[in-house]
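Student: Below you'll find the structure I mean.
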Amino acid sequence: MDEIKAGLSDTEREALGALWDHGPGTVRQLLKLFETRGRRWAYSTVATLLRRLESKGYATSESLHGSLVYRATVSREALLDRRLKEAAAELCD
């Protein structure tokens, strides 16, 4: 998890949560999932969110039958552990 470069925006956290909850997926699959949750995002918005997660080290992608399939590279538990340690270090100096 040392390769994680930056924090997460609320929308990036939502996209990462979708990867945790539903496993690996393509932009189109995640777009449909967000629509069921009442999110009306454009395809390009979801693609951008996933690319940002990948560039920050929270996700990775691989090409499968001509589509990029994204998956989380860090578990919810590992991220929570990291965030709690960072908060404790900041508060306790």
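Student: Nearest 0.05, what FRET efficiency do residue 84 and residue 36 give at R0 = 22 Å with Cβ-Cβ as r?
Tutor: After rounding to 0.05, the efficiency reads 0.10.
Student: Can you tell me how much longer the chain between residue 55 and residue 76 gets when fully stretched, taken as 0.36 nm per residue apart minus their C-alpha distance, in nm with one decimal?
Tutor: On the way: separation 21, 0.36 × 21 = 7.56 nm, distance 1.81 nm.
Stretched out fully, the residue 55 to residue 76 stretch lengthens by 5.8 nm.
Student: Hey, any idea what % of the chain's accessible area is carbon plus sulfur with a 1.4 Å probe?
Tutor: The value for the chain is 50 percent carbon and sulfur by accessible area.
Student: Hey, what number do you get for the chain at 222 nm if only DSSP H runs of n ≥ 4 count, each worth -39500 (n - 2.57), divided across all residues, to the nearest 500? Don't jump to the answer; show the numbers that get you there.
Tutor: Values: 4 runs with 54 residues, N = 93.
Counting only the DSSP helices, I get -18500 deg cm²/dmol.
Student: Now for a different question. Which value, in Å² rounded to 10, gives the accessible area of residue 71 with a 1.4 Å probe and all protein chains present?
Tutor: About 110 Å², rounded to the nearest 10.
Student: Residue farthest toward the positive end of the dipole of segment 54-93, with Cβ of Lys/Arg at +1 and Asp/Glu at -1: which of 84, 68, 58?
Tutor: Final value for the positive-end residue is 68.
Student: Could I ask something else about it? For the chain, what is the charge dipole size about the Cα centre, in debye to the nearest 20, if Lys and Arg each add +1 at the Cβ and Asp and Glu each add -1 at the Cβ?
Tutor: The dipole of the chain has a size of about 460 debye.
Student: Taking only protein heavy atoms and a 1.4 Å probe, what accessible area per residue, in Å², does the chain have with all protein chains in place?
Tutor: Details: 5970 Å² over 93 residues.
I get 64 Å² per residue for this part.
Student: Before anything else, pin down the relative contact order of segment 35-93: Cα pairs under 8 Å, at least 6 apart, normalised by residue count, whole percent. Write out the running numbers ahead of the final one.
Tutor: Working: 28 pairs, mean separation 10.5, N = 59.
Relative CO of segment 35-93 lands at 18 percent.
The values are calculated or read from the model by the stated rules, or taken from the named source; none is laboratory data. Just so it is clear, the model here is predicted, and its values are computed rather than measured. Methodologically, a virtual Cβ is constructed for each residue, glycine included, from the backbone with ideal geometry; neighbour enumeration extends over all protein chains shown. With ligands, DNA and RNA removed, areas are computed over all heavy atoms of the protein, side chains included. Shrake-Rupley method; radii C 1.70, N 1.55, O 1.52, S 1.80 Å.
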